[in-house]
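**Student:** Shown below is the structure under consideration.
Read-outs throughout are calculated quantities, based only on the coordinates presented, and are distinct from any laboratory measurement. Bear in mind that the values here come from a model prediction, so they are computed numbers and not experimental data. No Cβ is skipped: glycine too gets one built from the backbone with ideal geometry, and neighbour counts run over all protein chains shown.
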Amino acid sequence: MKKYISMTSVLRGQSVSRRDFLKGMVGSALSLSLAACAPQRDGGLPTQAATNNPGSLADEFGTAVTPYELITTYNNFYEYTTEKRRVYQLAKEILRSPWEITVGGLVRNPGVYDLDSLKKKFALEDRVYRMRCVEGWSKIVPWRGFPLLKWIELLQPTSDARFVRFETISASEKMPGIKDASYFPWPYTEGLTIEEAMHPLTLISTGIDGKDLLPQSGGPIRLVVPWKYGFKGIKSIVRMDFVDKMPTSFWMKAGPEEYGFYANINPAVPHRRWSQATEVLLTESTPRPTKKWNGYDQVASLYPNLDQAIWY
Ligand SMILES: Nc1nc2c(c(=O)[nH]1)N[C@H]1C(S)=C(S)[C@@H](COP(=O)(O)O)O[C@H]1N2
Ligand SMILES: [Mo]
């Protein structure tokens, strides 16, 4: 069985304890009895009983992982199509082999990095994260990957590097959405501050549910930033640059009135066209309240002075 890491233990810088692992298994008699007598954990994350799929793997709030079949057939990947239920039918293959990522800019070790070598170098971890799309739906995903932090430590950014810019592969002959929606500012790009990129929760994902990432999920390599709206999780990455100025992302160019750089999840700050107060899990129909930072409160220390209403 895969070992899923408790986010609270990640933030404490500890390895996975058996108790933390069992706590992810909400619903089993054993984990319920442990949860009942265990002291409150440092992060103070609330726990609640799983409402569906008792006995299955769950996030730290007790919400069961979304079925793999649903995670991989309901997607946003505009390079293929804007129809979420059709992406998987069009994204049939990984578009490069071997997959290489070019790293440039303000780093001591720029170059072309081969994904297979990176996967061998860094121990892959399994982590359950909630993913909240800016459109108001969410899924619970059992990612596999490695912290971006580990790669950055190897790349050694210079002291001038303040942001990281990421870019998706652009292959219009295999990605019909690029031509169908030629008004969009292709290629898809995203960015993080260097502090966000080096936060221990920020993951480079290479898999879901122990399997290699499928093309529709951003295979073979994508970004996962669980306290930000899903669009920050750029898929099928081919370039990463360390820069000194805030990069303008795909969505900032496409809709500057609606999408800012930070995109931290915040139920109190509405999107220009809809409320962000609630979300609907893909497995449910009744909306649930959206949590600030998607529940990952520990990242608040990254933003002592950030005005969410300006940076959405
Ligand atoms: N290159 C690229 N990355 C992307 C997108 C996209 O259209 N193109 N969509 C984003 C959005 S809006 C979301 S919600 C997530 C969806 O990830 P999923 O399909 O794995 O659920 O991917 C993000 N990454
Ligand atoms: Mo999204």
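**Student:** Where a Cα-Cα gap under 19 Å defines reach, which aspartates and glutamates qualify for K179, not counting those fewer than 8 residues away within the same chain?
**Tutor:** Counting by Cα, and skipping residues close in sequence, K179 has these aspartates and glutamates nearby: E79, E83, E93, E167.
**Student:** In addition: Can you compute 3J(HN,Hα) from phi for each residue in the stretch 61-69, using the Karplus curve 6.51 cos²θ - 1.76 cosθ + 1.60 with θ = phi - 60°, rounded to whole Hz and x for Gly and Pro?
**Tutor:** Once rounded to whole Hz, the list reads 9, x, 8, 5, 4, 5, x, 3, 4.
**Student:** Can you give the log10 of the normalised intensity I(q)/I(0) at q = 0.29, 0.31 Å⁻¹, computed with Debye over equal Cα scatterers of the stretch 217-259?
**Tutor:** -1.16, -1.16
**Student:** If you bin every alpha carbon distance in the stretch 185-281 into 10 Å steps from zero, what whole percent lands in each bin?
**Tutor:** All Cα pairs, binned at 10 Å, distribute as 14, 43, 35, 8 percent.
**Student:** Rg and Dmax in Å for the stretch 66-195, alpha carbons only: what are they?
**Tutor:** For the stretch 66-195, the Cα radius of gyration and maximum Cα-Cα distance read 16.6, 44 Å.
**Student:** A further question follows. When R165, R108, R288 are ordered from fewest to most other Cβ atoms inside 10 Å of their Cβ, what list results?
**Tutor:** On the way: R165 21, R108 10, R288 14.
Taking fewest neighbouring Cβ atoms as first place, the list is R108, R288, R165.
**Student:** Within a 10 angstrom radius of the beta carbon, how do K235, K120 rank from fewest other beta carbons to most? Walk me through the numbers on the way to the answer.
**Tutor:** Working: K235 25, K120 10.
Ranked by crowding around the Cβ, least crowded first: K120, K235.
**Student:** Another one. Per Stokes-Einstein, at 37 °C and 0.692 mPa s, what whole-number D in µm² s⁻¹ belongs to the stretch 134-242, with the Kirkwood radius over Cα pairs as the hydrodynamic radius?
**Tutor:** Numbers: Rh = 14.8 Å.
Rounded to a whole number, D works out at 222 µm²/s.
**Student:** Counting other C-beta atoms within 10 Å, which of I178, I221 has the fewest, and how do the rest follow?
**Tutor:** The order, fewest Cβ neighbours first, is I178, I221.
**Student:** Can I ask one more? Let me check against my output: what whole-number percent is the relative contact order of the stretch 112-257, with C-alpha pairs under 8 Å and at least 6 apart?
**Tutor:** Values: 265 pairs, mean separation 43.4, N = 146.
This gives 30 percent for the stretch 112-257.
**Student:** Also: Test of the criteria: in the stretch 87-172, which GluC sites (Glu not before Pro) are in a DSSP loop and have at most 11 other Cβ atoms within 10 angstrom of their Cβ? Before the final figure, lay out the partial values.
**Tutor:** Details: sites: E93, E100, E125, E135, E153, E167; in loops: E93, E135.
Those that pass, being in a loop and sparsely packed, are E93.
**Student:** In debye to the nearest 20, how big a dipole does the stretch 146-213 give about its Cα centre with +1 on each Lys and Arg Cβ and -1 on each Asp and Glu Cβ?
**Tutor:** Values: 6 positive and 10 negative charges, 20 e Å.
Dipole size: approximately 100 debye.
**Student:** If you don't mind, there's one more thing I want to ask. How much of the pair distance distribution for the stretch 86-131 lies past 17 Å, counting alpha-carbon pairs only, in percent? Intermediate values should be presented prior to the final figure.
**Tutor:** Numbers: 631 of 1035 pairs.
Pairs farther apart than 17 Å: 61 percent.
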